[in-house]
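Working notes, structure below.
The values are calculated or read from the model by the stated rules, or taken from the named source; none is laboratory data. Because the structure is predicted, anything quoted here is derived from the model rather than measured. Glycine also receives a Cβ, built like all others from the backbone with ideal geometry; neighbour counts cover every protein chain displayed. Heavy atoms of the whole protein, side chains included, go into the accessibility calculation; ligands, DNA and RNA do not. Shrake-Rupley method; radii C 1.70, N 1.55, O 1.52, S 1.80 Å.
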Amino acid sequence: MAFDFSKYDISVRKVSIGFFFVVLASTLGISLSMVMVASSATWLYFIRAPNIPVVLIQIFIVLVASVLALSSSWMIVEWIFKKVNPFKKEKLNYIDHIMLSALFLMSVLASALYFFNIIGIAFAVLVLWLGKTKIWRILGVLTVTLNIVIQIALFFTVWR
Amino acid sequence: MNKKEIKRKTKTLMIVLTITPFIIWGIFNVDLGVMFNHKPNMFWVHTPSTLNVGEKGDLVVEVWDQFERISMKYKGSINFSIVSYNLSTFELIPDISVSYNMPNSSNFDKINVGVQEFSFSISTEGFHYILVTDTLTGRVYWSNPIVMDNFIYKLVWGDCHSHSLYSDGGGLPNEVYNYARYIARLDFASLTDHGEYLHLDNGYSALEKATNRANEPGKFVAIQGVEWTSGSAPHVSYDNWGHLTWIFSGSELAHISADIQKTPEDLWTEIDRFTSTTGSMALAFPHHTVVKQFIQEWPICFDYPNYIRLGEVFSIHGSSLVNPHSPWSVVGAVDAPSYRINGSSVNEALMMGLRLSLVANGDSHDGKLGHSLSHTRAFIGHQYPYTYLLSRVSKIYPSGVTGAFVSELTREGVFDAYYSRRVISNSDFGRPYIQFSINNVIVGQDDSTVFVSNATSNREIKVLLAQDGAPQSAMLQAASPWLGDPDWGTTVQIFKNGFLWREQFIDVPVTELTFNDNSTITGASYDGSILINGEYYVNEESETPINPASLNTNGVDYYFIRILCSRGRVTAIGPLWVESLT
């Protein structure tokens, strides 16, 4: 039996927007999850876990990377399509808190990367501007400071 | 302060906190000169090192900018000429007496940008250099030497130690191999990502496939390889036995990782199992052995002469040939300890009795296998291919290459050359030609061992050298063109039993030096062991107790050659071991 499209309000414009949404979200999601896997591996230089089986570390890293990348790519794409400017939003709902948590964690993780730590800086700045509550503002300042401190520390340890 | 004022100040603070990190990031990560200055600076003229008389070869002319990158902006024309030297007298052969076939001139235009490739042949025996004249500047660029003879073995060049985005390097494997083949112009190469990352990312099979895809026997040999990174990789223990880069002769890649093989014993067991089940041969390169963080634990290598036959003496980490605190340290190394740690260099390992031949690799982390650029200002992160980690920043030396005398350009051919020790190590992209012999036994012949009738028999030591005419790279120094003819001023050093024995200055492109030694063969021994809690160790970093009386060459002398060029290029070959039959 053929699918009856007439029951739905489908237009070329809507399909195009949907297609663009999917492409953008998956591009962002895949790229960000790769950055997050690399970030997690970098932090493992400092947090040694020689007795934990690698498969567990792999599951953990992939899960963290996927969840964070999914949340942030969803949020970024939502903002692009939303008519409301998120920067002018006065109150945060629970989804906003989840998103801000993802941004915060990604900022902390990506701060250790070379060159791609710009992603950490960008997310820290977003936490600063989008976190409308006092606690998020403090966490925003902390992540910005962390990114600056790590960049300067790397300069004094390995730069030439 | 009223609410409005607080709001205004908060906003100002937020703007400052927004702008400041981006500015700091930009200062450290962006170099506008590197991004936009691609002006042509010099030519690199590359040819095969050895050809049979009349055999066709490929002549490649690359235009480089001041960071040794290909410059697409050159729009002039070039002329070709040849300079030749006699094979036995080393005297200049008049141009008219040399029979050759190559183009007279060529243009760099919209189609031929950055790189041009020509076919040429020479029918006269000798050492030849092809000279390329830039008609815009009048500068003349010399090629590497082409030795035209009838050879059993051809001298080909490669780099068997590099890292991609699969571990802590840059670029995807296919990009890295393409760079090695078409830009760095290597004949063989190996991408040897850290096993600990490959294990974390399940990357072994992807790397294995990429290497097999890149392998094209006769044209470009891609060799399976992986690095065992004890002590300094993520999710492994802090125990540090040094880093061992492994290469394998077959098409399969062993799953080597310091979190799978947690101890050297595990490692040897796995290598034994892998080689016996796959039929593949395996060789390891101990490397950056003098670097403070990675001091090599030589005692773990003592009992495995089939695997530990080569020592990486030049790379982007500098030189591990001699101890950085020895009087003969010229090159230095990244993060060398501020005080002397005995028993770290390859030279000291030779004194302990290990039989290591000298090779050079890149250990490049910027995705540029065979010609890393991280010694230039182009180490910066916005350079493609990208790197996630800081691994390219501190690498201030050029990447080295190894010359291998091969019977055929295949995995087996390259492996046979490595196993038989028919190798030359060079500290940058240069390709000089060297033969080192004692009593006519050349490096690689008879396992590089010379037998003499008694302990005072004369040893005739010969060093045949045809220098590379290309400009040179060194620590934090990109290649720049010669102002006139190349500076051939070079010091040839002979090391015997770990000490500098003779040195001679030369200022010609091609020469042969002869030395005689009839002093008594005594062998060498390592006397740097230290006593800790009733046990002897090779140094304070070591965790493996040893018997100091066993650390010697068993009465066998060894010699190796180091060649110091005027602008920082260093080449080494050897050792040859000399054993008395009585």
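If you go through the range B:546-582 and pick out every residue that is in contact (Cβ under 8 Å) with a residue 60 or more places away in the chain, closer than 23 Å to B:Y339 by Cα and touching a strand residue (DSSP E or B) at 6+ places or on another chain (Cβ under 6 Å), you end up with 1. If you check B:Y397, B:Y339 for being touching a residue at least 60 places away in the same chain (Cβ under 8 Å), open to solvent by 10 Å² or more (accessible area, probe 1.4 Å) and assigned to a loop (DSSP other than H, G, I, E, B), only one passes: B:Y397. Checking each residue in the range B:168-202 for being open to solvent by less than 10 Å² (accessible area, probe 1.4 Å), within 14 Å of chain A (Cβ to nearest Cβ) and either assigned to a loop (DSSP other than H, G, I, E, B) or in contact with a Leu (Cβ under 7 Å, 6 or more places away or on another chain) (or both) picks out B:G169, B:G171, B:D193, B:L198.
Would you say B:V147 is more than 30 Å from B:N202 (Cα to Cα), open to solvent by less than 10 Å² (accessible area, probe 1.4 Å) and either within 27 Å of the chain's Cα centre (by Cα) or modelled with pLDDT of 95 or more (or both)? The answer is yes for B:V147.
Among the residues of the range B:232-252, those identified as part of a loop (DSSP other than H, G, I, E, B) and either closer than 19 Å to B:Y419 by Cβ or not assigned by TED's automatic domain parsing to the domain that holds B:E540 (or both) are B:S249, B:G250, B:S251, B:E252. Scanning the range A:100-122 for residues that are open to solvent by less than 10 Å² (accessible area, probe 1.4 Å) and away from chain B (no Cβ under 11 Å) turns up A:L100, A:A102, A:L103, A:M106.
Residues that are of a type outside the set (F, W, Y), in contact (Cβ under 8 Å) with a residue 60 or more places away in the chain and in contact with a Lys or Arg (Cβ under 7 Å, 6 or more places away or on another chain) within the range B:488-514 comprise B:Q493, B:I494, B:E512, listed in sequence order.
Quick one: which residue in A:V125, A:V144 is part of a helix (DSSP H, G or I), open to solvent by less than 10 Å² (accessible area, probe 1.4 Å), touching a helix residue (DSSP H, G or I) at 6+ places or on another chain (Cβ under 9 Å) and within 13 Å of chain B (Cβ to nearest Cβ)?
Values: A:V125 fails: open to solvent by less than 10 Å² (accessible area, probe 1.4 Å).
Just a single option satisfies the conditions, and that option is A:V144.
Of all residues in the range A:128-141, those satisfying the criterion of being more than 8 Å from every other protein chain (Cβ to nearest Cβ) and either in contact with a Lys or Arg (Cβ under 6 Å, 6 or more places away or on another chain) or β-branched (V, I, T) (or both) are A:G131, A:T133, A:I135, A:I138.
For the subset of the range B:354-382 comprising residues that are in contact (Cβ under 8 Å) with a residue 40 or more places away in the chain, within 12 Å of chain A (Cβ to nearest Cβ) and under 21 Å from B:H194 (Cβ atoms), which member is farthest from the chain's Cα centre (by Cα)?
Of the residues in the range B:354-382, the ones in contact (Cβ under 8 Å) with a residue 40 or more places away in the chain are B:354-378, B:380-382.
Going one step further and asking which of them are within 12 Å of chain A (Cβ to nearest Cβ), we end up with B:365-366, B:374-377, B:380-382.
After this cut, where a residue has to be under 21 Å from B:H194 (Cβ atoms) as well, the list is B:365-366, B:374, B:381.
Numbers: B:H365: 14, B:D366: 15, B:S374: 14, B:G381: 23 Å.
Selected residue: B:G381.
Can you go through B:E265, B:E216, B:E270, B:E208 and tell me which one is without any contact (Cβ under 8 Å) to a residue 24 or more places away in the chain, open to solvent by 10 Å² or more (accessible area, probe 1.4 Å) and within 24 Å of the chain's Cα centre (by Cα)?
Numbers: B:E265 fails: within 24 Å of the chain's Cα centre (by Cα); B:E270 fails: within 24 Å of the chain's Cα centre (by Cα); B:E208 fails: without any contact (Cβ under 8 Å) to a residue 24 or more places away in the chain.
Among B:E265, B:E216, B:E270, B:E208, only B:E216 is without any contact (Cβ under 8 Å) to a residue 24 or more places away in the chain, open to solvent by 10 Å² or more (accessible area, probe 1.4 Å) and within 24 Å of the chain's Cα centre (by Cα).
State whether the residues of the range B:502-510 include one that is surrounded by fewer than 20 Cβ atoms within 10 Å (Cβ to Cβ) and of a type in the set (D, E). So far as the range B:502-510 goes, yes, one or more of its residues are surrounded by fewer than 20 Cβ atoms within 10 Å (Cβ to Cβ) and of a type in the set (D, E). For the range B:232-254, a residue qualifies if it is in contact with a strand residue (DSSP E or B) (Cβ under 8 Å, 6 or more places away or on another chain) and within 14 Å of chain A (Cβ to nearest Cβ), and the qualifying residues are B:S232, B:A233, B:V236. When the range B:203-231 is filtered for residues that are more than 14 Å from every other protein chain (Cβ to nearest Cβ), among the polar types (S, T, N, Q) and not in a loop (DSSP other than H, G, I, E, B), the ones remaining, listed by number, are B:S205, B:T211, B:N212, B:Q224.
Limited to the range B:110-141, what total is found for residues that are farther than 19 Å from B:S49 by Cβ and either assigned to a strand (DSSP E or B) or open to solvent by 60 Å² or more (accessible area, probe 1.4 Å) (or both)? Let's see the steps before the verdict.
So the first thing to find is which residues in the range B:110-141 are farther than 19 Å from B:S49 by Cβ, and the list is B:110-116, B:133-140.
Now narrow it down to the ones that are either assigned to a strand (DSSP E or B) or open to solvent by 60 Å² or more (accessible area, probe 1.4 Å) (or both): B:110-111, B:115-116, B:133-137, B:139-140.
Adding up the residues that qualify gives 11.
Listed residues A:I47, A:I52; which is surrounded by 11 or more Cβ atoms within 10 Å (Cβ to Cβ) and either assigned to a loop (DSSP other than H, G, I, E, B) or within 9 Å of chain B (Cβ to nearest Cβ) (or both)? Write out each step before concluding.
Working: A:I47 fails: surrounded by 11 or more Cβ atoms within 10 Å (Cβ to Cβ).
Being surrounded by 11 or more Cβ atoms within 10 Å (Cβ to Cβ) and either assigned to a loop (DSSP other than H, G, I, E, B) or within 9 Å of chain B (Cβ to nearest Cβ) (or both) holds for just one of A:I47, A:I52, which is A:I52.
Go through the residues of the range B:35-43 one by one and say whether even a single one is under 30 Å from B:T376 (Cα atoms), within 14 Å of chain A (Cβ to nearest Cβ) and at pLDDT 95 or above. Taking every residue of the range B:35-43 in turn, at least one turns out to be under 30 Å from B:T376 (Cα atoms), within 14 Å of chain A (Cβ to nearest Cβ) and at pLDDT 95 or above. Taken over the range B:534-579, the criterion of being closer than 18 Å to B:V508 by Cα, of a type in the set (S, T, Y) and open to solvent by less than 30 Å² (accessible area, probe 1.4 Å) is satisfied by B:T571 alone.
Could you check how many residues of the range B:367-388 are touching a Lys or Arg at 6+ places or on another chain (Cβ under 6 Å) and open to solvent by 10 Å² or more (accessible area, probe 1.4 Å)? If you could, list the steps in order and put the result at the bottom.
Within the range B:367-388, the subset touching a Lys or Arg at 6+ places or on another chain (Cβ under 6 Å) is B:374, B:379.
Of the ones still in play, those that are also open to solvent by 10 Å² or more (accessible area, probe 1.4 Å) are B:379.
Going through the range B:367-388 one residue at a time, the tally reaches 1.
Among the residues of the range B:1-33, write down those that are at the interface with another protein chain (Cβ under 7 Å from one of its Cβ atoms) and hydrophobic (A, V, I, L, M, F, W, C). Full working, then the answer.
In the first step, residues of the range B:1-33 are kept if they are at the interface with another protein chain (Cβ under 7 Å from one of its Cβ atoms); the result is B:14, B:17-18, B:20-22, B:24-25, B:28-29.
Listed by number, the residues that qualify are B:M14, B:L17, B:F22, B:I24, B:W25, B:F28.
Matching residues to (1) open to solvent by 10 Å² or more (accessible area, probe 1.4 Å); (2) in the same structural domain as B:S391 (by TED's automatic domain parsing); (3) small (G, A, S):
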{"position": "B:F294", "(1), (2), (3)": "yes, yes, no"}
{"position": "B:W298", "(1), (2), (3)": "no, yes, no"}
{"position": "B:D303", "(1), (2), (3)": "yes, yes, no"}
{"position": "B:L310", "(1), (2), (3)": "no, yes, no"}
{"position": "B:S319", "(1), (2), (3)": "yes, yes, yes"}
{"position": "B:P327", "(1), (2), (3)": "yes, yes, no"}
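Looking at B:S427, B:S457, B:S448, which one is of a type outside the set (V, I, T), away from chain A (no Cβ under 14 Å) and within 16 Å of B:W157 (Cβ to Cβ)? Spell out the reasoning first.
Working: B:S457 fails: within 16 Å of B:W157 (Cβ to Cβ); B:S448 fails: within 16 Å of B:W157 (Cβ to Cβ).
It is B:S427.
Taking residues in the range A:15-41 that are among the β-branched types (V, I, T), and partners anywhere that are open to solvent by 60 Å² or more (accessible area, probe 1.4 Å), the pairs with Cβ atoms closer than 9 Å and at least 6 places apart or on different chains are A:I17/A:F81; A:V37/A:V62; A:V37/B:D201.
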